[in-house]
């Protein structure tokens, strides 16, 4: 029988990293968006205090490599001090974004903050009521990339208490940049009760017992990080049984709204606007409902509206895509400004195509159509062909697969995006090749 | 699929024409020019798709109307074309179908080009390579399924390539074309961000710098403070320089006076020079003896006066003594040593009073003795007189009378007492009578007797007393005489004491005594005076001794040789001592002056904390004065002090300037640190990057879409061509080879797929890279071969119309072609429209199964080979 403990597992906070909101002008928004990361962290602190947790573990990337500022350091200092006043400890490893973190801290941190060394695996013993209650093992990144396997040295002396291991990893054996290790290797370290992972920005339960978790980022920063973000509240009873609960803490979430115009008979842009308004209102209503049962409310949703499908409106859209985009953005942004929670239109992506009256027939009968379909499928599945396509897409699409290592001026096309693009291309080809009968 | 029956009610030249039981194989329709062959070709061409509303087809008389009965996969369909509307298709069950269904959904263009190409149209083929759109399309159609669309491919691909190029250049370099502004924005923002990221470094640097600057500032401040203090000290020094000079001079003088080598100072840590020590000792001596010296100094005059007085007194006493001696000598010339004699006279033994009393007593006693002797004589006389008187007086005794009275009273009492026992009242009365008798007797005799008695008694008593008196007087006289004798003896004694030898001393003893006494008193007085004076001398000696001691003590500390007191007389001694003392006092005064000035200065130094701090700062010593002196010692003159002061002032100004520039720097640093700690540059940069990235991403997507279109199109085309080469050109090569009697052996698409052209190789290995290099006939052969190959590929088979397309073939080639067509006709319904009899002849030679129709002025008539040959031959 050991002391029961309670802690919060978080990671990938990227303090002070700006949200990709695509807004510069409005002060209110700037306030909400710029403060989102901080608010999320403050929510984390509030949660820690209200749940009277024993400690918080941060599994790397507390700071963002590209957003490391004095302000962010000071912010963390203040929060840490607040936690110190409540007797809550903080255990931190630094990740690929804040390697060798403690050396880079601008301010002297309070005594409750424990940074793990980047030289070797360290074991902190957490004492509660004078008795050893848990061990926390961890090792920080030394540099931006960390090819050391690390996990091998995560060896707890015994299983008498709850052993928590902090590791910042992509959990992929092939990824030499972010601690190459796989799940089974982690599970081979039998004395570890809880693997507190970090690096992937999406909450993920990798394994149940022993628990292996990614808490995801605390506050999403761009549209690729959709949905609720937060941290994991872990309760460990005296028999070392755990109860994990994902706690939504982020005040701003990202969401892509898809609007398929394929089956809709739209005659003009006004009708499109109505359709968009309806979509947005539905989303707002949904968030309102969710907020009702939520302690830490969602203040805003940053959305990307994807309008796709073959539509009669494509002609209008195509005639001045940018202006229409601008108009719609302006309108819906203005409409939402005073709503709560408000839905912020990050951008509108038109992926429409001309409507084809004989599309079905074409699909059924035109061998070329089938050829095109086959070709696209092949492009998506055949690696060589796929590479050929990506080469066609040019340097701008030669961005690193890992968003963290990607240049700002390059992009990476995952399967989904490739499919989207090819779908768009296909529509164009169909329209151009088969669609128009002269 | 084939046409079974055709009914042409209204189409150009045709009016109510029926073609029934049309062969499903080879149908040869022969007719001369303007018979309607071209119209029929057009009719068949448009029948499945409806008629175009232009002048490419012959006009209707009234309204186009054509009916066709078709068979496809053993099913019959009726097709009705009415006017310009799409053809209507009904099956046996009167269910509606589309013509496209029947015609394999083959697009109109492909159908038209493959199955109903005209000679004229074929003649255009030579222009294919010239890149005209229409020809290109034809080319693609020839290549196979979907090639009608593919013909647009190069152009479309170009279009999207151009689109893409506009967006992102050829290579999709983020730094070009429409990417460029966003790319630049990102770069700028990244630059900004990187700059901002350096802020942490800068922040730390600035903090470090700030700390250093603050330390420096502190040093400067300290330095300034130090300089100020030094300056202040110098100022102080300057103001007190003269004073100090004086003090130092005094000190020097004092040092001269101070006895050097003797060191009483037990403080071993004091390593200063001996003179210094001497001075220190001297000073400390004077300090400790200062009161004494001062007192001595104050007393000096008094003492001198006293000594003078003493001297005077001494003289006076001596004088007085001489006077007294001479006086005493004159009083008693017998004294050789008068004062000793005088001294010897114990006047104490003689009390003047007593002497006088004795003298008085002597005189009184003499007088009293005379008086008593006279009194005694008087008394003798009186006693004689009284005795005479007494003899005259007689009288009864009063006591007898009284006795008789008492007896009568006693009788009366007895009587009365008897009355108590005898009850007789007379007895009582008797008693009373006795009592009364007693009383009367007593009163009548007692008084007179008594008076007489008294008178006698009195005289007797008087005599008695006088006798007694006489006796007393005699006694008194005797006493007086004794007393007188005694007194005379005393007086004689006095005279002896006084040394009076004369007998008549009684005459002058009292005056002599007075004289002696007076002399003695004077002598005594003088002696007292002398004694007093001696006391005084003692005192003076003592005083001088003290003074001498002081000098003696002082001598230890002084270099001066003091005349240590030898035995000398007081005056000399005193003079020596005073002389020495004066020297000592001089030194003392010097020291006093020195000390006072020094202490004054010390007081000044100590009175201000500022000075104390400054001095303390300078030497770190407790002794501010010493510090100050050592400061003084650093300068040779006041001018040097002033010079140094000026230097210091310059230095001070310099440091002050440095300080203010440091302060300025600190302020700047602080501001910068404040700026940095609240900087939102990173956020701004991030926002900028984000925004630019968003825009760039859209462009990139757009670029990718365009590029993809281009890519897919090109891929599609090359695939189709590949496919065509394999599936179409190979068989076509064979056909061409057969048509050309094995002259042309191979048919290929050109290496450059973007060119709509063919490559032809002859049996000799000659390569024609473009159809343009071929003769017209060869070209037609080539296209026919391709067409046939293509037609063979399309299944189910569709009816084929050949409109004199073989006209330019030479006979052998024509024959070959006819053979091929005949073979093809086993699978396809083939309409051959021709005006050439030799073609009919060849066909009839090759096959028996051909059906022959004669067409003349829009009228069809089923015929046979001979009739048709005849018709065409003439």
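Summary table
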| item | result |
| --- | --- |
| Single residue of the stretch B:168-180 satisfying the filter (surrounded by 18 or more Cβ atoms within 10 Å (Cβ to Cβ), at the interface with another protein chain (Cβ under 9 Å from one of its Cβ atoms) and assigned to a loop (DSSP other than H, G, I, E, B)) that is farthest from the chain's Cα centre (by Cα) | B:169 |
| Test: residue in the stretch A:90-98 that is assigned by TED's automatic domain parsing to the domain that holds residue A:215 and surrounded by fewer than 22 Cβ atoms within 10 Å (Cβ to Cβ) | no |
| Inter-residue pairs, beta-carbon under 6 Å, first closer than 16 Å to residue B:700 by Cβ and facing chain A (nearest Cβ under 9 Å) and in the stretch B:181-202, second at pLDDT 85 or above and in a helix (DSSP H, G or I), 6+ apart | B:182/B:692; B:182/B:695; B:182/B:696; B:186/B:689; B:186/B:692 |
| Checking residue B:731 against (1) surrounded by fewer than 19 Cβ atoms within 10 Å (Cβ to Cβ); (2) at the interface with another protein chain (Cβ under 9 Å from one of its Cβ atoms), the condition it does not meet | (2) |
| Entirely in the stretch A:218-265, the strands (runs of 3 or more DSSP E) that have 2 or more residues that are closer than 25 Å to residue A:406 by Cα | A:252-260 |
| Residue A:431 in contact (Cβ under 8 Å) with a residue 60 or more places away in the chain and more than 8 Å from every other protein chain (Cβ to nearest Cβ) | yes |
| Strands (runs of 3 or more DSSP E) completely within the stretch B:1-43 that count 3 or more residues being crowded, with 22+ Cβ neighbours inside 10 Å and in contact with a strand residue (DSSP E or B) (Cβ under 9 Å, 6 or more places away or on another chain) | B:2-11, B:26-31 |
| Matching residues in the stretch A:373-406 - criterion: being at pLDDT below 85 and in a helix (DSSP H, G or I) | A:403, A:404, A:405 |
| Boolean, residue A:137 is touching a residue at least 24 places away in the same chain (Cβ under 8 Å), under 30 Å from residue B:198 (Cα atoms) and either in contact with a strand residue (DSSP E or B) (Cβ under 9 Å, 6 or more places away or on another chain) or exposed (fewer than 14 other Cβ atoms within 10 Å of the Cβ) (or both) | no |
| Identity of the residue in the stretch A:1-20, away from every other protein chain (no Cβ under 14 Å) and assigned to a loop (DSSP other than H, G, I, E, B), that ends up farthest from residue A:69 (Cα to Cα) | A:1 |
| Residue in the stretch A:102-114 that is at pLDDT below 85, closer than 27 Å to residue A:142 by Cβ and touching a strand residue (DSSP E or B) at 6+ places or on another chain (Cβ under 6 Å) present | yes |
| Selection status of residue A:32, assigned to a strand (DSSP E or B), more than 12 Å from chain B (Cβ to nearest Cβ) and crowded, with 18+ Cβ neighbours inside 10 Å | no |
| Sole residue being buried (at least 21 other Cβ atoms within 10 Å of the Cβ) and touching a strand residue (DSSP E or B) at 6+ places or on another chain (Cβ under 7 Å), chosen from B:872, B:855, B:862 | B:855 |
| In the stretch B:672-718, the residues that are more than 7 Å from chain A (Cβ to nearest Cβ), farther than 19 Å from residue A:376 by Cα and in contact (Cβ under 8 Å) with a residue 12 or more places away in the chain | B:672, B:673, B:681, B:684, B:685, B:688, B:692, B:695, B:699 |
| Boolean, residue A:181 is assigned by TED's automatic domain parsing to the domain that holds residue A:97 and more than 16 Å from residue A:95 (Cα to Cα) | no |
| Check on residue A:212, crowded, with 18+ Cβ neighbours inside 10 Å, in the same structural domain as residue A:14 (by TED's automatic domain parsing) and not in a loop (DSSP other than H, G, I, E, B) | yes |
| Single residue of B:561, B:490, B:510 found to be modelled with pLDDT under 80 and surrounded by 15 or more Cβ atoms within 10 Å (Cβ to Cβ) | B:510 |
| Residue ID - farthest from the chain's Cα centre (by Cα), chosen from residues in the stretch B:203-218 that are at the interface with chain A (Cβ under 9 Å from one of its Cβ atoms) and touching a residue at least 12 places away in the same chain (Cβ under 8 Å) | B:203 |
| Residue, nearest to the other protein chains (Cβ to nearest Cβ), within the stretch A:39-70, restricted to residues that are closer than 21 Å to residue A:144 by Cβ and in contact (Cβ under 8 Å) with a residue 60 or more places away in the chain | A:65 |
| Index of the failed condition, residue B:624 passing every other in (1) more than 14 Å from chain A (Cβ to nearest Cβ); (2) surrounded by 18 or more Cβ atoms within 10 Å (Cβ to Cβ); (3) in contact (Cβ under 8 Å) with a residue 24 or more places away in the chain | (3) |
| Failed item in (1) in a helix (DSSP H, G or I); (2) crowded, with 20+ Cβ neighbours inside 10 Å; (3) facing chain B (nearest Cβ under 10 Å), with residue A:409 passing the rest | (1) |
| Flag for residue B:129 being farther than 26 Å from residue B:52 by Cα and modelled with pLDDT under 80 | yes |
| Residues of the stretch A:176-199 classified as without any contact (Cβ under 8 Å) to a residue 60 or more places away in the chain and not in a strand (DSSP E or B), total | 16 |
| Residue within the stretch A:314-324 that is modelled with pLDDT under 90, closer than 18 Å to residue A:278 by Cα and either touching a strand residue (DSSP E or B) at 6+ places or on another chain (Cβ under 6 Å) or part of a loop (DSSP other than H, G, I, E, B) (or both) present | no |
| In the stretch A:332-364, the residues that are more than 28 Å from the chain's Cα centre (by Cα) and either more than 30 Å from residue B:716 (Cβ to Cβ) or surrounded by fewer than 17 Cβ atoms within 10 Å (Cβ to Cβ) (or both) | A:357, A:358, A:360, A:361, A:363, A:364 |
| The stretch A:413-424, residues that are at pLDDT below 90 and either at the interface with chain B (Cβ under 7 Å from one of its Cβ atoms) or part of a loop (DSSP other than H, G, I, E, B) (or both) | A:413, A:414, A:424 |
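Here's the yes/no breakdown for (1) farther than 30 Å from residue B:477 by Cβ; (2) at pLDDT 80 or above; (3) outside any helix (DSSP H, G or I):
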{"position": "B:377", "(1), (2), (3)": "no, yes, no"}
{"position": "B:392", "(1), (2), (3)": "yes, no, yes"}
{"position": "B:401", "(1), (2), (3)": "yes, no, no"}
{"position": "B:410", "(1), (2), (3)": "yes, yes, no"}
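The values are calculated or read from the model by the stated rules, or taken from the named source; none is laboratory data. Because the structure is predicted, anything quoted here is derived from the model rather than measured. For neighbour counting, all protein chains shown are included, and Cβ atoms are generated from backbone atoms with ideal geometry for every residue, glycine included.
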